[in-house]
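Following: one structure in structure tokens, then a few remarks.
A short reminder: the numbers here are calculations on the coordinates, not readings from a lab. The structure displayed is predicted, hence computed values, not measured ones. Cβ: placed from backbone, ideal geometry, glycine included. Neighbour counts: every protein chain shown.
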Amino acid sequence: MISGYAGKFLEVDLSTKNIKEVKFSDEILMDYVGGRGLAAKILWDRLGSKWETVDPLGPENLLLFLTGPLTGFFPGGRICVSGKSPQSNGVVGSTVGGEFGVELKCAGYDGIIVAGEAEKPVYLSIKDGDVEIRDAARIWGLDAKRTVAVLTKECRELLKKRYPQRGEWREPSILYIGPAGENKVRTAVVAAKWSHAAGYGGDGGVLGSKKRKGIAVKGTGPLAAGGGKGGVRRDSRPAGLRGTARKRGCAT
Amino acid sequence: MAEAEKREAIWIARDLSKCSGCRRCEIACSLFHEKRIWPEASRIRVFMLVPGVEFPHFCAQCEDYPCVEVCPTKALSVSKETGAVLVDANTCIGCGKCIEACPGKVPHMHPKENKVLICDLCGGDPQCVKVCQEGLWNVLRVVPRRFHPYRLYARTPEEIAKDLAVKLYGEEGERLL
């Protein structure tokens, strides 16, 4: 496996409540690296043949949360949110800052692929390998500040109950939508914390159409460093970036 | 320390409201102790219970060391040079008694190994302070350890977050937690 990647992606189908791990070959990761590039590749592979008939706010649209090989290595902390955009019907990649990308990497995933449509409001709770679809009726309709406060408290209490001897748990990182996303507004954002948002393309509406209020991630693992033997070296550029940039004509 | 010179006992002074939440202290700490970037295995952790209210949470080296007293296997000891709490990984059984005894609930378990993590002041040269000073945040500073009620600084994340939120957002801060 090439360095810089955790090695697996999480795929959640909300219609069938099916949760599985998918892997991409090294060639695909080398060519498309991650984030917007990989998002375009996944969308082309899965929706390309029926692109024109896919309703962005329907169950067959995909919503992708993807990191890259450099996510987590200071100061790279952004995560890409992508899918068929309800605003333009095109492929739009939008990024949002915050701890979400780092926590996702620490949990052992390079990205999340969300498909399908839930019957009632849910949110996704991830703690390392444990992925859970939890009921979000309590927080459906709340604004940004209340959503963050309630979700943070709920997730920390849950973690404390499950791992009582672990000490104080840090808050999980949360991506969520507000009332605009729930009502499928075509310009709604996917937000992190209070004021950080992935706004291009209106992916909040896609999340709202899948009846999903948010995702909370807590990862306790180390970052997948490129140094080998558990160390970080100065020349440990992720292999995904090494060949590709030169192949595309960049100087690096 | 290679040199035989006697180092003065130090303490890390903290100005929590200045913290921006950049988390370089976590990276520096885990790189020094675990040789890789591992935020959950860092001895200093940045909490963000309310967005925008980030603060580092780490050992305050109370003058009476309640965690060392309750340890059933004597795995915890106080370093004579620095005054920091040292954890013997071989004798620590991960019972969690020190976490209960700590007035600030500062110690936490290592995510993979069965041992507790407490700040050891990096043997007198704290890495977190270096990067904090480098970033010009000045949240952490090294000061000589004096006779002082350091126990007052050992507070739970909820208490600190509430105080800081009220300081930053006024009355609304109490409702944010």
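Of all residues in segment A:156-198, those being within 11 Å of chain B (Cβ to nearest Cβ) and touching a residue at least 12 places away in the same chain (Cβ under 8 Å) number 12. Residues in segment A:24-39 that are within 15 Å of the chain's Cα centre (by Cα) and assigned to a loop (DSSP other than H, G, I, E, B): A:Gly34 alone.
Checking each residue in segment A:119-132 for being among the small types (Gly, Ala, Ser) and buried (at least 19 other Cβ atoms within 10 Å of the Cβ) picks out only A:Ser125. Taken together, the residues in segment B:67-84 that are assigned to a helix (DSSP H, G or I) and in contact (Cβ under 8 Å) with a residue 40 or more places away in the chain amount to 1.
One residue stands out among those in segment A:101-117 that are aliphatic (A, V, I, L, M) and within 21 Å of A:Ile42 (Cβ to Cβ): the one that is surrounded by the most Cβ atoms within 10 Å (Cβ to Cβ), which is A:Leu104. Scanning segment B:13-57 for residues that are facing chain A (nearest Cβ under 9 Å), closer than 19 Å to A:Gly77 by Cβ and in a helix (DSSP H, G or I) turns up B:Arg24, B:Ile27, B:Ser30, B:Leu31, B:Pro39, B:Glu40, B:Ala41. How about segment B:71-105: which of its residues are aliphatic (A, V, I, L, M) and surrounded by 15 or more Cβ atoms within 10 Å (Cβ to Cβ)? Within segment B:71-105, B:Ala75, B:Leu76, B:Ala84, B:Val85, B:Leu86, B:Val87, B:Ile99, B:Ala101 meet the criteria.
Let's see how each residue does on (1) assigned to a loop (DSSP other than H, G, I, E, B); (2) under 30 Å from B:Ala28 (Cα atoms):
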site: A:Leu124; (1), (2): no, no
site: A:Gly141; (1), (2): yes, no
site: A:Lys145; (1), (2): no, no
site: A:Lys153; (1), (2): no, yes
site: A:Leu159; (1), (2): no, yes
site: A:Lys184; (1), (2): yes, no
site: A:Trp194; (1), (2): yes, yes
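Residues in segment A:155-213 that are under 15 Å from A:Ser85 (Cβ atoms) and either aromatic (Phe, Trp, Tyr) or in contact with an Asp or Glu (Cβ under 6 Å, 6 or more places away or on another chain) (or both) were compared, and the one that is surrounded by the fewest Cβ atoms within 10 Å (Cβ to Cβ) is A:Tyr200. Count of segment A:214-227 residues, restricted to those that are farther than 20 Å from A:Gly83 by Cβ and not small (Gly, Ala, Ser), is 4.
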